[in-house]
Amino acid sequence: MDTPTSGDDIQITPHAPPDGQDKDVRAATRAPSIIVGVVAAIVVALSLFYLLRPVPLLVQGEADATRLDIAARVDGRVKEIPVNRGQNVPAGAVLVQIDNPETLAKHEQMKAAMAVAEAQLANVLVGTRAEVIAARKAELERAQAALVLAQKTFDRTNTLTGQGNAPQSRLDQMTDALHESERAVDQAKSAYDQAVNGYTKEERAIARTNVEKANADIQSVQSIIDQLQVYAPVASQVYQRNVEPGEYVSPGVPLVTLIDLADVWIHFDLREDLVKGLKVGDRFDVRIPALADRRVTVEVKLVATKGEYASWRATRATGDFDLRTFSIRAYPVQPVPELRPGMSAYLDWRSRQ
C-alpha cells in the first residue's frame, strides 16, 4: 500500500485554456479598433473630397422669345377684336378692326374727283365739237364779208375825197372801219383754227396729270382704310389685349402684344470673367426646372458686343472693382414646344467648360 506524500511535495498544475477560446477573445478586442479606423478613414476621405473638389458655379438664365407690340397707323374707334389672350393666330390673321367714318367719306370724295378728272381728260382727247367748229367758221365768214364791205366803202370814200365831194373826216372814219374789219377777220380766223386743231399737247398733259393726281389721292386714302384692319405679321400667340371695343386709339399705341413661340432662346447675363473663351457656336446643356429638370442642349448664337452694366465682385482684399456683364443668347438645338418665355434655366458653368 502506497504511502501518501506530504503537502509540500504535492504540486497542483492549472488547466490551460483551449486555443479557440483565446482567438475569440483577441478578435473581440480588435473589432472596435478596426471600426474606428474605418470610420476615421472615411471621414478623412470625405473631407479631402469636399475640400479638393471644384466648387460648382451655377449660372441662371431665363427663356425669352420675340415680342411684337402691334400698333395701328391710323386713329379711330375700336370696332372689334376677334382674338383672345392665349390664342394662337396664323400670319395675316385680323387682330383689331378700327372704325373711322371720316376716312371712308373722304375716300368717296376722292373717287368723285377721279371721275371728274377722267371726264375732263376724255373731253380733251375727243377735241372740239363739230357744232363749235361750225360756229367758228360762220363767224370767220361773217368777218370776211364785213371786211369786203369795209374795203368797198373805203374805196368809194377815197375816190370822193380825191374829187372833193367828201370831207377828209369821212375818209378817216372809213379807214378806221377797214382796219377794225381786218382785225376782226384775224381774230375769227384764229378762233376757227383753234377749234379745228383742238386742245394743245400741254393741255392734254395737264388733263392726264389731273387724272394721275386723283388716282394717287384715292390710293392714299385707300392705304389708310387698309390700316383700319390690323393683321398679325407672323404666326404667334396673343400675349395681351391692350384695348377693348369702343375705345378710341391713336397711331402708334400698342393694341395687341404677340409672342413668337417659334423664336425662343435662353438669355444669360454673364460676368466678363466668365465670357472668356465663349464663342458663337458653342454648345452646352442646361436644366429647365419647370420641365422636370429636363436637360436641353443649346447653342450660343449671340454674344453681346459691349457689356451693358456692372455687377460688383470682390476680386482682391484691396482694390476691389466692378465687372461688366455681357448678354448671351443660346438657342435650343432641337425645338422644345413646352419651353415658354420666363422659365428659368440652370447650368454648372465650370462643368460646361
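Can we say Thr103 is open to solvent by less than 80 Å² (accessible area, probe 1.4 Å), touching a helix residue (DSSP H, G or I) at 6+ places or on another chain (Cβ under 6 Å), assigned to a loop (DSSP other than H, G, I, E, B) and over 30 Å from Ile259 (Cα atoms)?
Numbers: open to solvent by less than 80 Å² (accessible area, probe 1.4 Å): yes; touching a helix residue (DSSP H, G or I) at 6+ places or on another chain (Cβ under 6 Å): yes; assigned to a loop (DSSP other than H, G, I, E, B): no; over 30 Å from Ile259 (Cα atoms): yes.
For Thr103, the condition - open to solvent by less than 80 Å² (accessible area, probe 1.4 Å), touching a helix residue (DSSP H, G or I) at 6+ places or on another chain (Cβ under 6 Å), assigned to a loop (DSSP other than H, G, I, E, B) and over 30 Å from Ile259 (Cα atoms) - is not met.
List pairs: first in region 59-70 and farther than 17 Å from Asp260 by Cβ, second among the polar types (S, T, N, Q), Cβ under 8 Å, 6+ apart or cross-chain?
That search, which allows pairs on different chains as well, returns Gln60/Ser344; Gly61/Ser344.
Tell me which of these Ser250 doesn't satisfy, since it passes every other one: (1) among the hydroxyl-bearing types (Ser, Thr, Tyr); (2) open to solvent by 20 Å² or more (accessible area, probe 1.4 Å); (3) in contact with a strand residue (DSSP E or B) (Cβ under 8 Å, 6 or more places away or on another chain).
(3)
Since Val55 meets every condition but one in (1) within 30 Å of Arg271 (Cβ to Cβ); (2) open to solvent by 80 Å² or more (accessible area, probe 1.4 Å); (3) hydrophobic (A, V, I, L, M, F, W, C); (4) modelled with pLDDT of 75 or more, which condition does it not meet?
(4)
Quick one: Ile98 ticks every box in (1) assigned to a helix (DSSP H, G or I); (2) modelled with pLDDT of 90 or more; (3) open to solvent by less than 80 Å² (accessible area, probe 1.4 Å) bar one, so which box is it?
All conditions are met except number (1).
In region 82-92, which residues are in a loop (DSSP other than H, G, I, E, B) and open to solvent by less than 20 Å² (accessible area, probe 1.4 Å)?
Residues of region 82-92 that are in a loop (DSSP other than H, G, I, E, B), as a first pass: 82-87, 90-92.
Within region 82-92, just Val83 meets the criteria.
Report every pair of residues separated by at least 6 positions or lying on different chains whose Cβ atoms are under 8 Å apart, first residue within region 318-347 and at pLDDT 90 or above, second open to solvent by 50 Å² or more (accessible area, probe 1.4 Å) and small (Gly, Ala, Ser).
Between residues of region 318-347 that are at pLDDT 90 or above and residues that are open to solvent by 50 Å² or more (accessible area, probe 1.4 Å) and small (Gly, Ala, Ser), the close pairs are Arg340/Ala290; Met343/Ala290; Ser344/Ala290.
Kindly indicate whether any position in region 175-195 is aliphatic (A, V, I, L, M), farther than 30 Å from Ile133 by Cα and either out of contact with any strand residue (DSSP E or B) (no Cβ under 9 Å at 6 or more places or on another chain) or touching a residue at least 12 places away in the same chain (Cβ under 8 Å) (or both). So that I can check it myself, show each step before the final result.
If we filter region 175-195 for residues that are aliphatic (A, V, I, L, M), which is where we start, we get 177-178, 184-185, 188, 191, 195.
Going one step further and asking which of them are farther than 30 Å from Ile133 by Cα, we end up with none.
Within region 175-195, not a single residue is aliphatic (A, V, I, L, M), farther than 30 Å from Ile133 by Cα and either out of contact with any strand residue (DSSP E or B) (no Cβ under 9 Å at 6 or more places or on another chain) or touching a residue at least 12 places away in the same chain (Cβ under 8 Å) (or both).
Would you confirm whether or not region 190-201 contains a residue that is at pLDDT 85 or above and either in contact with a Phe, Trp or Tyr (Cβ under 9 Å, 6 or more places away or on another chain) or open to solvent by 80 Å² or more (accessible area, probe 1.4 Å) (or both)?
No: region 190-201 contains no residue that is at pLDDT 85 or above and either in contact with a Phe, Trp or Tyr (Cβ under 9 Å, 6 or more places away or on another chain) or open to solvent by 80 Å² or more (accessible area, probe 1.4 Å) (or both).
Taking the options Gln163, Gln219, Gln173, Gln168, name whichever one is open to solvent by 80 Å² or more (accessible area, probe 1.4 Å) and within 30 Å of Gly127 (Cα to Cα). Please lay out each step first, then the result.
Working: Gln163 fails: within 30 Å of Gly127 (Cα to Cα); Gln173 fails: within 30 Å of Gly127 (Cα to Cα); Gln168 fails: within 30 Å of Gly127 (Cα to Cα).
Unique residue meeting the criteria: Gln219.
Restricting region 202-216 to residues that are closer than 25 Å to Ala105 by Cα and without any contact (Cβ under 8 Å) to a residue 60 or more places away in the chain, which is least open to solvent (accessible area, probe 1.4 Å)?
Residue satisfying both the conditions and the ranking: Ala216.
Any idea which of Arg73, Arg67 is of a type in the set (Lys, Arg), part of a strand (DSSP E or B) and modelled with pLDDT of 85 or more?
Numbers: Arg73 fails: part of a strand (DSSP E or B).
Of Arg73, Arg67, the one residue that is of a type in the set (Lys, Arg), part of a strand (DSSP E or B) and modelled with pLDDT of 85 or more is Arg67.
The values are calculated or read from the model by the stated rules, or taken from the named source; none is laboratory data. A quick note: this is a predicted structure, and the numbers were derived from the prediction, not measured. All Cβ positions, even for glycine, are placed from backbone atoms using ideal geometry, and neighbour counts span all protein chains on display. Areas reflect the complete protein model, heavy atoms only, side chains present, ligands, DNA and RNA absent. Shrake-Rupley method; radii C 1.70, N 1.55, O 1.52, S 1.80 Å.
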